[in-house]
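The structure under discussion appears below in the form of structure tokens.
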Amino acid sequence: MKHKRVNFYFFGDTGSYDDYNPAYVCSKEYVAEIIYIIANNKPFSITKNEIIKSFAIDEKNFNEVIESLKLINAIEVRGDNYRITFPIFLEKDVFLMDKYLKNVGQEIGTSIMALEEALIKKVSQLTASSSFSYKRILYHIICDKIFDGFAFNFFEEKDVFCTSKIQPGNRDYIIIAYEESKNIESYSNKLLCSSNNYRSCGYIFNSFGDDNGQRKDIFRFFRMTQKSLEAATPFHELNVAYVKLIDNMNKEIAQRCGELILEINKGHINYNELSESDRNIVDFLEEMSYLSLNDKNGGVDVKVPIFYSKDNEIVNELADIILSTIYRIVEKVFENLKDQMRELTAITHSVSIKEIGNEIWHQIFGQTNEYLVKQGFVEPPQNIEGEGRYLRSLSTDY
């Protein structure tokens, strides 16, 4: 019998891949199913024995799962009963959100489109404007940098929702979970609200788009390769220790990737004149679609917009213009959130409204992005079979 389960997402800094890392804990066997069954019942209403019987899971394995979830503060335990402590959305919740948020994306999107002349003027001052269309740049700045970046600090300062939660192991992140279902996939996974960022030594490798597949980006590639090493040998603790070493190596690789991209962007570089190690880096980045290689003359070109530190002032100004314009619309949505959606699973489990609001904002700006793409205001990311829709960029402190 196949049990219902949830899919996990993480907002913030999950830290090293260890026992305190929610991605590591939530990928363990039975975790996704156990979280679902706890969430699908009233808080502290289902017992340990009932869950064990439902899954035919060994008690020792069950206890290990519960201890891991307690360690990252994902559940609260009272005796042999449990409740969820993070925002979780089951299928019924999605329909409720969809009804409540109807037309919000269009309203926000329309207010932004009215600013087109002022936004284009600002965008023309960015470094990337000489190589990429304003629609491509607006995609990264509005849909990602502002909505999935600046907006969180802006609305947190306004006390609309929270962006930060200090977690065990000196981490700062919020866990989000959705029931695994086709209905949710068609609603949530296909919204343009997923930002993947791999950070290393002043470089941020970004891809932004929907969550409808496995993207070929640096963040997911490193995460998937690390995950595959967990079961590489029968020696689990040795595998985990090795993964930590790989994590450090990946950061060194990413640093050199960033350095090479900036060097290439400054002027012509011939692939054949590079060292063997740098040629390997270029090959990697070509596969990741950050670079393109001309086989005839050996030239290497950058395929993604680069946002330099000198662009920050303009990006900040764009954020101020947009967020001040949409503030009243967003504030109104959140004012009645608890009363209008009191039946949400997370609310029944007494999860903080401010944490729930974090994910509600994802849904709002995801719908807004879809509207902006549909209207042709920003560049539409093309769908890649098995990967979904997304576009890449690079930001640097240099």
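The values are calculated or read from the model by the stated rules, or taken from the named source; none is laboratory data. Here the structure is a predicted model, which means the values were calculated and not measured. Please note: Cβ atoms are built from the backbone with ideal geometry, for glycine as well, and neighbour counts cover all protein chains shown.
When the residues of the range 122-138 are narrowed to those that are assigned to a loop (DSSP other than H, G, I, E, B) and out of contact with any Phe, Trp or Tyr (no Cβ under 9 Å at 6 or more places or on another chain), which ends up surrounded by the most Cβ atoms within 10 Å (Cβ to Cβ)?
Checked the range 122-138; the qualifying residue surrounded by the most Cβ atoms within 10 Å (Cβ to Cβ) is F132.
Hey, can you tell me all the residues within the range 13-55 that are exposed (fewer than 15 other Cβ atoms within 10 Å of the Cβ), without any contact (Cβ under 8 Å) to a residue 60 or more places away in the chain and either outside any helix (DSSP H, G or I) or of a type in the set (A, V, I, L, M) (or both)?
Residues satisfying the conditions are E29, S45, T47.
Taking the range 139-154 as the search range and keeping residues that are hydrophobic (A, V, I, L, M, F, W, C) and surrounded by fewer than 22 Cβ atoms within 10 Å (Cβ to Cβ), which one is modelled with the lowest pLDDT?
Filtering the range 139-154 for residues that are hydrophobic (A, V, I, L, M, F, W, C) and surrounded by fewer than 22 Cβ atoms within 10 Å (Cβ to Cβ), the one modelled with the lowest pLDDT comes out as F152.
Hey, can you tell me all the residues within the range 176-212 that are among the small types (G, A, S) and over 13 Å from the mean Cα position of the chain (by Cα)?
Once the filter is applied, which keeps residues that are among the small types (G, A, S) and over 13 Å from the mean Cα position of the chain (by Cα), the range 176-212 yields S181, S186, S200, G202.
Considering N196, N265, which residue is within 30 Å of N294 (Cα to Cα), part of a helix (DSSP H, G or I) and not basic (K, R)?
Values: N196 fails: part of a helix (DSSP H, G or I).
Unique residue meeting the criteria: N265.
Conditions: (1) farther than 20 Å from H362 by Cα; (2) surrounded by fewer than 21 Cβ atoms within 10 Å (Cβ to Cβ). Q214 meets all but one. Number of the miss?
Condition (1) is where Q214 drops out.
Among the residues of the range 334-361, write down those that are closer than 15 Å to E156 by Cα and either among the acidic types (D, E) or surrounded by 21 or more Cβ atoms within 10 Å (Cβ to Cβ) (or both).
If the condition is that a residue be closer than 15 Å to E156 by Cα and either among the acidic types (D, E) or surrounded by 21 or more Cβ atoms within 10 Å (Cβ to Cβ) (or both), then E335, E355, I356, G357, N358, E359, I360, W361 are the ones that fit.
Collect the residues in the range 248-283 that are at pLDDT below 95 and surrounded by fewer than 16 Cβ atoms within 10 Å (Cβ to Cβ), keeping them in residue-number order.
Correct list: N248, K266, G267, H268, N270, N272, E273.
Would you confirm whether any residue within the range 133-154 is touching a residue at least 40 places away in the same chain (Cβ under 8 Å), within 20 Å of D98 (Cβ to Cβ) and among the β-branched types (V, I, T)?
Scanning the range 133-154 turns up no residue that is touching a residue at least 40 places away in the same chain (Cβ under 8 Å), within 20 Å of D98 (Cβ to Cβ) and among the β-branched types (V, I, T).
Of the conditions (1) farther than 20 Å from R389 by Cβ; (2) hydrophobic (A, V, I, L, M, F, W, C); (3) modelled with pLDDT of 95 or more; (4) touching a helix residue (DSSP H, G or I) at 6+ places or on another chain (Cβ under 6 Å), A232 fails just one. Which one is it?
Tallying (1) farther than 20 Å from R389 by Cβ; (2) hydrophobic (A, V, I, L, M, F, W, C); (3) modelled with pLDDT of 95 or more; (4) touching a helix residue (DSSP H, G or I) at 6+ places or on another chain (Cβ under 6 Å), A232 fails exactly one: (3).
If you go through the range 287-307, how many residues are touching a residue at least 12 places away in the same chain (Cβ under 8 Å) and either within 24 Å of F222 (Cβ to Cβ) or among the acidic types (D, E) (or both)?
Residues that pass the stated criteria total 14.
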